[in-house]
Amino acid sequence: MSGTAAASRKRLVSREPGVLARMVRHRADYLYVAPALGVMLLVIGYPIYDTIYLSFFNTPPSLALEDKTFVGVDNYIRILTSDAFLEVTVNTLIWTAFSTFFAFVLGLGAALALDKQFVGRGLLRGILLIPYVISAVAAAYIWRWLYHTDFGVIGAIAVAAGLTDRPINFLDNTETSLGSLIVVNVWKEFSFAMIMMLAGLQTVPEQLHRAAQVDGAGVFQRFWHITMPHLKGVTLVTVLLLLVSNLNSFTIPWIMTAGGPAGSTDIWITAIYQLAFERIRFGISSAYSVIVFIVMMSMGYFYVRALTRRDGARYG
Amino acid sequence: MKSRGSRGWGIVRVAFLAVLTLFTLLPMVWMLLTSLKTQFAASQYPPEWWPKNVTFEQYSLLLSPATETGRDFLRYMFNSVWVSLASTVLGVIVAVPAAYAFSRFRFPGRQLLFYSVLLRNMFPAVVFLMPLFILMRWLHLVNTEFSLILTYLTFGLPLSIWLLKGFYDNIPAQLEQAARMDGATRFQAFFQIVMPLSSPGIIATAIYSFILAWNEYLYALVFLNDKSKLTLPVGLQRFFTEYTTNWPGLMAASFITSVPVVVLFLILQKYFVRALTEGAVKA
């Protein structure tokens, strides 16, 4: 008894009332966030729960999910020990690493080149962003046509330039398919990196550059010692967002090659889609999703940290 | 700003921008040129670099309500407009109060909630695909546009809330307090003071959500089967499976699909860029 009395006295003394009391006092505040949280719980919270739940079941190849049987972690073991998973994971890592690297390098280069006032700068920025804005399905068909084996303009240019004596089979060849898709992906998303880095460059104080210039620092030295340190935070966020969006890619590989030929462009999400909606295996594809989810969440940790650390004063 | 070697760097800069612009534009130029050719002219080797006989037959086919192809395509377009507009408007209506609360109020669990909203950006879309499909089936929403509207509005929310919260944080609370001392209610203060000041944020949120919804493909592919319900990205794919060799038609359809978002983006570029970069670059 005396313990609770002491505790309640302590609560009276401390400036912060209990969580529950504060929640009650702020009850009206929750009304503002309720609609947003409501739809998010329905469309995000419930599906996460359901994916994890289904991942422990063997489901029939139909949508009669009530006939499922509990199999424990069998689905996980089957995926993680299969050669197909290894192959798809290797493809996914190649796709993600190269797409992210080239998109970032091109984007950073474009941002540095645009970080100066000149006539038509806004227009040029707008033009470079168009691929990022258009539908990935349209982009994928445009490039499928450019890569076309018989009438593709890229093959024709290569022949006209004397690089090869006959048109190249970009997409139907296991050697070139993944690389060809990475080019499309870089085309589509490099300007995202550009716009992020351009915004980051605006935070670099002009005076520092002038001072360094007076001290005789060259272009490259100034870039390395002044610009880059200021861009650390933006770089981290940009690379993380590119990594996540590339690990999550579906539309470009699906429309262009549907994972083929011979699985050479099959990546995580196309593999999951095929398992779930072509072979109607919701159980094992859920387990697959959970594995991808865990990878993503570990990156999400760094993302939130990167975003909030610099905003510490505001959100801390 | 003249220094040793700056002219050399200037040339490198211009050359790099020129190459990048060509890399960006040429595929789209080829799409446009192909869409103006006859099917016969498009299937030539070596290609007809410039269309000899410019024809708008594919555009009139796609946009004419007289043919079945045209009727289908116009319907996809109408569906896309409707789904994108509805999810954008509803998204703003839901995001505004939530962002305002995250910015102004100090209720318990606020930070946890806010971080979980942010984390959504990291979720692989596919994690939600099967269970949402099951959920939509259970709610009898499969094959209705509402399934997409609900999904898109939710997927746009994290960024909208984050973006708008940034705007509200920058509007001094004293402005509202002053209005409330003059007898305004919280709602009046919000609608008359805060809303107008945060309208750039609302525009940025809206254009981002609209483009997101307009281009979305995976969920539209899974949720909709009925031909009369499809949105443009899935409609494009359908067009391709039906007329595999009609590349001019497919390029015309891709062009028409891209025009609305590109025009919207070019007009509101400033806001869209802000939507993308907000939060990532606070030094």
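The values are calculated or read from the model by the stated rules, or taken from the named source; none is laboratory data. In this text, all values refer to a predicted model and were calculated from it rather than measured experimentally. For neighbour counting, all protein chains shown are included, and Cβ atoms are generated from backbone atoms with ideal geometry for every residue, glycine included.
Out of B:Pro260, B:Pro200, B:Pro248, one residue alone is assigned to a helix (DSSP H, G or I) and modelled with pLDDT under 90. It is B:Pro200.
The test for being closer than 19 Å to B:Leu25 by Cα and surrounded by 19 or more Cβ atoms within 10 Å (Cβ to Cβ) holds for A:Val137. Within the range B:28-43, is there a residue that is aromatic (Phe, Trp, Tyr) and more than 9 Å from every other protein chain (Cβ to nearest Cβ)? For the range B:28-43, residues aromatic (Phe, Trp, Tyr) and more than 9 Å from every other protein chain (Cβ to nearest Cβ): present.
Quick one: would you say A:Leu242 is in contact with a helix residue (DSSP H, G or I) (Cβ under 8 Å, 6 or more places away or on another chain), closer than 23 Å to B:Pro233 by Cβ and at pLDDT 90 or above? Yes: the conditions hold for A:Leu242. The residues listed here are B:Ser198, B:Ser209; of these, the one that is within 14 Å of chain A (Cβ to nearest Cβ) and either touching a residue at least 40 places away in the same chain (Cβ under 8 Å) or crowded, with 23+ Cβ neighbours inside 10 Å (or both) is B:Ser209.
For the structure I just gave you, tell me whether B:Leu25 is within 14 Å of another protein chain (Cβ to nearest Cβ), surrounded by 16 or more Cβ atoms within 10 Å (Cβ to Cβ) and part of a helix (DSSP H, G or I). No. None of B:Val94, B:Val127 is farther than 30 Å from B:Ala253 by Cα, at the interface with chain A (Cβ under 9 Å from one of its Cβ atoms), modelled with pLDDT of 90 or more and touching a helix residue (DSSP H, G or I) at 6+ places or on another chain (Cβ under 7 Å) except B:Val94. Looking across B:Pro51, B:Pro65, B:Pro46, one residue alone is within 8 Å of chain A (Cβ to nearest Cβ) and outside any helix (DSSP H, G or I). It is B:Pro46.
Only one of the numbered conditions (1) farther than 19 Å from A:Val133 by Cβ; (2) part of a helix (DSSP H, G or I) is not met by B:Ala184, and that is (2). Scanning the range A:189-205 for residues that are in a helix (DSSP H, G or I) and at the interface with chain B (Cβ under 10 Å from one of its Cβ atoms) turns up A:Phe190, A:Ser191, A:Phe192, A:Met194, A:Ile195, A:Met196, A:Met197, A:Leu198, A:Ala199, A:Gly200, A:Leu201. Under the condition of being touching a residue at least 24 places away in the same chain (Cβ under 8 Å) and outside any helix (DSSP H, G or I), which residue from the range B:142-173 is nearest to the other protein chains (Cβ to nearest Cβ)? Among those that are touching a residue at least 24 places away in the same chain (Cβ under 8 Å) and outside any helix (DSSP H, G or I), it is B:Val142. Of all residues in the range A:104-133, those being of a type in the set (Phe, Trp, Tyr) and either in contact (Cβ under 8 Å) with a residue 60 or more places away in the chain or buried (at least 23 other Cβ atoms within 10 Å of the Cβ) (or both) number 2.
Of everything in the range A:137-178, what is assigned to a helix (DSSP H, G or I), farther than 24 Å from B:Ser258 by Cβ and under 26 Å from the mean Cα position of the chain (by Cα)? Give them in sequence order. Once the filter is applied, which keeps residues that are assigned to a helix (DSSP H, G or I), farther than 24 Å from B:Ser258 by Cβ and under 26 Å from the mean Cα position of the chain (by Cα), the range A:137-178 yields A:Ser177, A:Leu178.
Residues that are surrounded by 22 or more Cβ atoms within 10 Å (Cβ to Cβ) number at least 3 in the following helices (runs of 4 or more DSSP H) confined to the range A:219-271: A:228-247, A:251-256.
Taking the range A:266-311 as the range and being aliphatic (A, V, I, L, M), at negative phi and more than 9 Å from chain B (Cβ to nearest Cβ) as the test, the residues that pass are A:Ile267, A:Ala271, A:Leu275, A:Ile284, A:Ala287, A:Ile291, A:Ile294.
Taking the listed residues B:Tyr152, B:Tyr168, the one that is buried (at least 20 other Cβ atoms within 10 Å of the Cβ) and over 19 Å from B:Ala125 (Cα atoms) is B:Tyr168, with no other qualifying. Residue count for the range A:134-159 under the criterion of being more than 8 Å from chain B (Cβ to nearest Cβ) and free of Cβ contacts under 8 Å to residues at least 24 places away in the same chain: the result is 6.
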